[in-house]
Structures are given as C-alpha cells and as structure tokens.
Amino acid sequence: MSIGEWFAEFYVTMKARKVKHAGCFILIAPIYVPIDLDLLKRIMATDFTHFIDHRIYFNEKDDPLSAHLFALTGQKWRDLRVKLTPTFTSANMKLMLPIVIK
C-alpha cells in the first residue's frame, strides 16, 4: 500500500466516524487533517497564516513548476499567496466559470 492509498483510507475512516478533524504521524512528522468542509473553508480563507509550512517536496531550481502554492513554505509561500489572492475574488471566479466549464 502506498502512502497515498494509506492516507486516503485514513481520511475515509475518519470521515465515517464523523469527526471534524484528525491527526496522525507519518514517521516523525505530525499531520493535521481537517475533515469538515466548513473547517477547511475557514482554514483556507482566514486561518491560512497558521498553516504555512507544508511537507511537499519541491525543487525550485531544477523543477520550477514544483514550487507551487501548496509546496512552498515560509516567506516564499506568503509572497505567492499575496500575489494570487486578488486572482480568486468572487468577481474573477464568476468570469472564469465559463472558461472552466469548456
């Protein structure tokens, strides 16, 4: 079983237990898993400053596309978030919807 398959099974199990959030350790790294959609929305919209360091591999020099918002950490993450936030306003999302549907 791959780590992705294990994590998917963990998520489904926690969701079946109807918990709002869960946690686990992968080796020595603690992992926080929000399950409740409203909680996840709050984290992504208002509490994002508390969740800046992710444990996703990226190599900005050799593979620049791997350095995306979900992989960056610290100040680089903050800088990219500030640049991208105006793109995802309600008005811009409404304008993008027909393009996404195509």
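Every number here is computed from the coordinates shown, using simple stated rules; none is lab data. Small disclaimer: the values here were computed from a predicted structure and weren't measured. So basically every Cβ, Gly included, is an ideal-geometry build from the backbone, and we count neighbours across all protein chains shown.
Just one residue in the set PHE48, PHE88 is in contact (Cβ under 8 Å) with a residue 24 or more places away in the chain, of a type in the set (Phe, Trp, Tyr) and within 27 Å of TYR11 (Cβ to Cβ); that residue is PHE48.
Of the residues in the range 60-79, how many are loosely packed, with under 11 Cβ neighbours inside 10 Å and either more than 13 Å from the chain's Cα centre (by Cα) or in contact (Cβ under 8 Å) with a residue 24 or more places away in the chain (or both)? Total meeting the criteria: 7. Among the residues making up the range 8-28, those that are surrounded by fewer than 12 Cβ atoms within 10 Å (Cβ to Cβ), among the aliphatic types (A, V, I, L, M) and farther than 18 Å from ILE56 by Cβ are VAL12, ALA16.
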